[in-house]
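Just passing along the structure, written as structure tokens.
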């Protein structure tokens, strides 16, 4: 395992975190148990950056609730927001994806119609169905559905057909990612690639070397976890054995307590490395 050294001020740590099932409880979306640790991280100079499938409107609200700056990556790596908060010369918004309309036209024109018919696009469903699928209250649905780069859907086909769909989509320069509840059609972007772009842009501008901690719970987080210096996995049902580039800290509890568990463990690992250096 290769590790980066961190000075004890912690102000060169970037903590990228998924939300649903990672920081927010997967059923209740509760996060209060993590608020003290979030406050402590911010006071030490650690930047907490949500990296989520959620929309910019949802993430703006969550950042306000967590009392952190509106610096985040939205829609599974589609767009970076708020880099100008960390360095004034950087852009407020950097889009890595084509727009949703272009993506859907590509999908409609090129993917087998039989497979398309088995994709239940969530934005075309009734409000009640959207509530049931996403598990969100009525007043949260409009922000969740206000997508610029991706289209959540439910696939009614079998596993073989799902693999065929993913392969066909990939051939045409698109991507299907699985979040906690639904599949999502989008551009060839990922949380991991967006994170690396984020770090590169910030490092080039500030001339600082950054250390990345990443926290996730699901397969659409694995790319991000594999690319970071300190990967953390929050328990969310049965855990698969995953081999990341660096040793992964795994929680025994689910979110939000599991988030607190893995972040504290990782910060303690970093402290010990500094003491022993």
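Every number here is computed from the coordinates shown, using simple stated rules; none is lab data. Since the structure is predicted, the reported quantities are computational estimates derived from the model, not experimental observations. Note that we place each Cβ from the backbone using ideal geometry, even for glycine, and neighbour counts take in every protein chain shown.
Can you tell me, using C-alpha contacts under 8 Å and at least 6 residues apart, the relative contact order of the range 1-114 as a whole percent? Don't skip to the answer; put the middle values down first.
Numbers: 134 pairs, mean separation 19.6, N = 114.
Value for the range 1-114: 17 percent.
Report, in degrees rounded to the nearest 10, the 0 to 90 angle that the Cα long axis of helix 159-171 makes with the longest principal axis of the chain.
80
Can you list, bin by bin at 10 Å, the percent of alpha carbon pairs in the range 150-208, starting at 0?
Computed distribution, short to long bins: 20, 40, 21, 14, 5.
Hey, rough spin-label estimate for residue 193 and residue 32, points 7 angstrom out along Cα→Cβ, what's it come to in nanometres?
About 4.1 nm separates the two model spin labels.
Label residue 40 and residue 244 with points 7 Å out from Cα along Cα→Cβ: what is the distance between them in nm?
2.0
Hey, could you get me the Stokes-Einstein D for the range 69-224, Kirkwood radius over alpha-carbon pairs, 10 °C and 1.306 mPa s, rounded to whole µm² s⁻¹? Walk me through the intermediate numbers first.
Values: Rh = 16.9 Å.
Value of D from the Cα-based Kirkwood radius: 94 µm²/s.
Take the Cβ-Cβ distance between residue 146 and residue 108 as r, set R0 to 25 Å, and report the resulting FRET efficiency rounded to the nearest 0.05. Spell out each step's value before the answer.
Working: r = 21 Å, r/R0 = 0.85.
Efficiency, rounded to the nearest 0.05: 0.75.
Calculate how steeply helix 191-206 sits against the longest principal axis of the alpha-carbon atoms of the chain, using the helix alpha-carbon long axis, and give the answer as 0 to 90 degrees to the nearest 10.
Rounded to the nearest ten degrees, it is 40.
Can you tell me what share of the DSSP beta bridges in the chain is antiparallel? A percent to the nearest 5 is fine. Before the final figure, lay out the partial values.
Numbers: 17 of 34 bridges.
So the antiparallel bridges amount to about 50 percent of the total.
If one computes the Cα centroid of the range 144-190 and of the range 54-125, what distance in Å separates the two points?
Between the Cα centres of the range 144-190 and the range 54-125 lies a distance of 13 Å.
Which value in Å is the Kirkwood Rh of the chain over different Cα pairs? Write out the running numbers ahead of the final one.
Details: mean 1/r = 0.0518 Å⁻¹.
It is 19.3 Å.
What do you get for Rg/Rh over the range 100-187 if you use C-alpha atoms and the Kirkwood form of Rh?
Values: Rg = 12.9 Å, Rh = 13.4 Å.
Reported Rg/Rh (Cα atoms, Kirkwood Rh): 0.96.
Moving on. Roughly how tilted is helix 56-66, in degrees to the nearest 10 and between 0 and 90, from the longest Cα axis of the chain?
Helix 56-66 and the main axis of the chain meet at about 30 degrees.
For each of 72, 85, 210, count neighbouring Cβ atoms within 10 Å of the residue's Cβ, then give the residues from fewest to most. Intermediate results must be reported in sequence, preceding the final value.
Details: 72 26, 85 13, 210 18.
Starting with the residue having the fewest Cβ neighbours, the order is 85, 210, 72.
Quick check: residue separation of residue 219 and residue 92 times 0.36 nm, minus the Cα distance between them. What number comes out in nm?
Details: separation 127, 0.36 × 127 = 45.72 nm, distance 2.85 nm.
So the extension gain works out to 42.9 nm.
Right, something else. What is the range 100-187's relative contact order, in percent, from Cα pairs under 8 angstrom and six or more apart in sequence?
Working: 99 pairs, mean separation 31.7, N = 88.
Across the range 100-187, relative contact order equals 36 percent.
Further question: Let me check against my output: what whole-number percent is the relative contact order of the chain, with C-alpha pairs under 8 Å and at least 6 apart?
Numbers: 514 pairs, mean separation 67.7, N = 277.
Relative contact order comes out at 24 percent.
Taking only DSSP H segments of four or more residues, each worth -39500 (n - 2.57), what value at 222 nm results for the chain once the sum is divided by all its residues, to the nearest 500 deg cm²/dmol? Show your work: numbers first, answer last.
On the way: 11 runs with 110 residues, N = 277.
For the chain, the value works out to -11500 deg cm²/dmol.
Between 113, 198, 104, find the one with the highest GNM mean-square fluctuation for the chain; connect C-alpha pairs within less than 10 Å.
In this elastic network of the chain, the residue with the biggest mean-square fluctuation among 113, 198, 104 is 113.
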